[in-house]
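Colleague: Submitted below is the structure of interest, expressed as structure tokens.
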Protein chains: 2
Amino acid sequence: MFASQPIAYVHSPYSETSAIPKGMGAKHEAEGIIEVLREFEPGLKDIEGFSHLYIIWEFDRAGEFSLSATVPTDPNRSHGVFATRSPRRPNPLGLTVVELLRREGTTLHVRGLDMLDRTPVLDIKPYLSSIPMEKLRRGWLAEAEQAGKV
Amino acid sequence: MFASQPIAYVHSPYSETSAIPKGMGAKHEAEGIIEVLREFEPGLKDIEGFSHLYIIWEFDRAGEFSLSATVPTDPNRSHGVFATRSPRRPNPLGLTVVELLRREGTTLHVRGLDMLDRTPVLDIKPYLSSIPMEKLRRGWLAEAEQAGKV
């Protein structure tokens, strides 16, 4: 067990949850900044060589968790929280792939943010591989898309 | 800030770190089990519809963090920890994409494990999208591969 500690904060255009494009198929093109705390700057060495990064962050305003989630993509059914990206998770962890546009010291300029402004970031990792789309099944989300709900 | 709590444990073939294929380009084909704690079972509803899952887990045996990391893929240079998958991170979070082979109640049979046996799992999310390989830059790792070190 460990206690989470922010290594950075997000500066995004979203000050309210309602402004964030919702649903697992939503396009996230928002640009913004991930401002890394000065004490962690040495941890960024060589990060500018990667085009995409995983950002693991904390849902710091999500409230209590619920194992059952109803999400905007499929509003008439509930799913298990681990089959969704609902913010109300047992460990309030969010995961976003962003495109790294450029780095200036402790400032990472990125595209693809879907977090609220001032969200604490817990980890940054290089994004390396991908599963080919033809090998991917997307469960209830694909059903909801086919039903024309998305 | 939150205190991490396990929602599941990994049962993998790896009882020692030295047995895990290393490096960011390593293939992880190990099959094993993610055993979800009974109290979290309702959170798994509909997860069997997804072919791949993100597993966020805790490096529970990694020791103190270091902002500088030297990794097996590129042994003669150091990189910032956030440009690597080194286990010694400020927040000891691991991230693995696994293929979900089948679910039996609280037992997820998966392929692609790269964690030690008995590793605590903090979150499970559906894996949905991918960045096309032609849009991906892989920084120092690509250099190390070209130099024939991998």
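Colleague: For chain A, take N as its residue count and report Rg(C-alpha) divided by 2.2 N^0.38 Å.
Modeller: 1.10
Colleague: A further question on this structure: If we count every other residue with Cβ under 11 angstrom of B:E16's Cβ, Lys/Arg +1 and Asp/Glu -1, where does the sum land?
Modeller: Local net charge: 0.
Colleague: Of the candidates A:R88, A:R118, A:R77, which one comes out as most mobile in a Gaussian network treatment of chain A with C-alpha springs shorter than 10 Å?
Modeller: Largest GNM mean-square fluctuation: A:R77.
Colleague: Past the 29 Å Cα-Cα mark, which pairs from B:K22/B:K125; A:K27/A:K125; A:K22/B:K27; A:K135/B:K45; A:K27/B:K22?
Modeller: Result: A:K22/B:K27; A:K27/B:K22 exceed 29 Å.
Colleague: List the residues, sorted by chain then number, that are 5 or more residues from A:F59 or on another chain and whose placed amide H is less than 5 Å from its amide H.
Modeller: Under 5 Å from the amide H of A:F59 lie the amide H atoms of A:L93, A:G94, each far enough along the sequence or on another chain.
Colleague: Return the sequence-ordered ³J(HN,Hα) values of region A:78-91 in whole Hz as given by the Karplus equation 6.51 cos²θ - 1.76 cosθ + 1.60 applied to θ = phi - 60°, using x for Gly and Pro.
Modeller: 10, 10, x, 4, 7, 9, 9, 10, 3, x, 8, 10, x, 9
Colleague: To one decimal in nm, how far is B:D117 from the same spot in the other copies, if labels go 7 Å from Cα toward Cβ? Please give the shortest first.
Modeller: Relative to the other copies, B:D117 has label-point distances of 5.1 nm.
Colleague: With charges set only on the Cβ (+1 for Lys and Arg, -1 for Asp and Glu), what does the dipole of region B:1-87 come to about its Cα centre, in debye to the nearest 20?
Modeller: So the magnitude is around 380 debye.
Colleague: Right, here's the next one. Using unit Cβ charges (K, R positive; D, E negative) and no other charged atoms, how large, in debye to the nearest 20, is the dipole of chain A about its Cα centre?
Modeller: Dipole about the Cα centre, nearest 20: 480 debye.
Colleague: Next up: Based on the Kirkwood radius over alpha-carbon pairs, what value in µm²/s does the Stokes-Einstein equation return for the translational diffusion coefficient of the protein assembly as shown at 4 °C and 1.567 mPa s?
Modeller: 66 µm²/s
Colleague: What does the charge count around A:G105 come to, taking other residues whose C-beta lies under 15 Å from its C-beta (Lys +1, Arg +1, Asp -1, Glu -1)?
Modeller: Local charge sum for A:G105: -2.
Colleague: Which FRET efficiency value, to the nearest 0.05, do you get for B:Q5 and A:A62 by plugging their Cβ-Cβ distance into 1/(1 + (r/R0)^6) with R0 = 25 Å?
Modeller: Efficiency at R0 = 25 Å is approximately 0.95.
Colleague: Normalise the Cα radius of gyration of region A:68-150 by 2.2 N^0.38 Å (N = residues in it) and let me know the number.
Modeller: 1.35
Colleague: Taking a label point 7 Å from Cα toward Cβ, how far is A:E48 from its twins in the other copies, in nm, shortest first?
Modeller: 5.1
Colleague: I'd like the Karplus ³J(HN,Hα) series for region A:57-64: coefficients 6.51, -1.76, 1.60, θ = phi - 60°, whole numbers in Hz, and an x wherever there's a Gly or Pro.
Modeller: For region A:57-64, the Karplus curve yields 9, 10, 6, 8, 10, 9, x, 5 Hz.
Colleague: Can you compute the helix-only [θ] at 222 nm over chain A? Use -39500 (n - 2.57) per DSSP H run of at least 4 residues, normalise by all residues, nearest 500 deg cm²/dmol.
Modeller: For chain A, the value works out to -1500 deg cm²/dmol.
Colleague: List the distances, in nm and shortest first, from the label point of B:E64 to the matching label points in every other copy, placing each point 7 Å from Cα along the Cα-to-Cβ direction.
Modeller: Between copies, matching label points for B:E64 lie 4.0 nm apart.
Colleague: If you don't mind, another one. Around B:H52, which amide H atoms from residues at least 5 apart in sequence, or from another chain, sit under 5 Å from its own amide H, with H modelled in the peptide plane?
Modeller: Amide H neighbours of B:H52, under 5 Å, 5+ apart: A:R137, B:L100, B:Y127.
Colleague: Would you mind working out the magnitude of the charge dipole of the protein assembly as shown relative to its Cα centre, with +1 at each Lys and Arg C-beta and -1 at each Asp and Glu C-beta, to the nearest 20 Debye?
Modeller: The calculated dipole for the protein assembly as shown is roughly 300 debye.
Colleague: What is the Cα centroid distance between region A:28-99 and region B:71-110, reported in whole angstrom?
Modeller: 17 Å
Colleague: Could you tell me which of B:Y54, A:A69, A:F59 has its Cα farthest along the dipole of the protein assembly as shown towards the positive end, charges placed at Cβ (Lys, Arg +1; Asp, Glu -1), taken about the Cα centre?
Modeller: Of B:Y54, A:A69, A:F59, it is B:Y54.
Colleague: In peptide B:82-88, what is the residue-averaged number of other protein chain Cβ atoms found within 10 Å of each Cβ?
Modeller: 6
Colleague: Moving on. Tell me, what ³J(HN,Hα) does each residue in region A:38-51 have, in order and in whole Hz, if you take phi through Karplus 6.51 cos²θ - 1.76 cosθ + 1.60 with θ = phi - 60° and put x for Gly and Pro?
Modeller: 3, 5, 9, 3, x, x, 8, 3, 6, 5, 5, x, 9, 7
Colleague: Right, something else. Please find, in a Gaussian network model of chain A (springs between Cα atoms separated by less than 10 Å), the residue of A:E16, A:E99, A:E41 whose mean-square fluctuation is greatest.
Modeller: In this elastic network of chain A, the residue with the biggest mean-square fluctuation among A:E16, A:E99, A:E41 is A:E16.
Where a number appears in this text, it was derived from the coordinates with a stated rule and is not lab data. Remember, it's a predicted structure, so these values are computed and weren't measured experimentally. Positions of Cβ are generated from backbone atoms using ideal geometry, with glycine treated the same way; all protein chains shown enter the neighbour counts.
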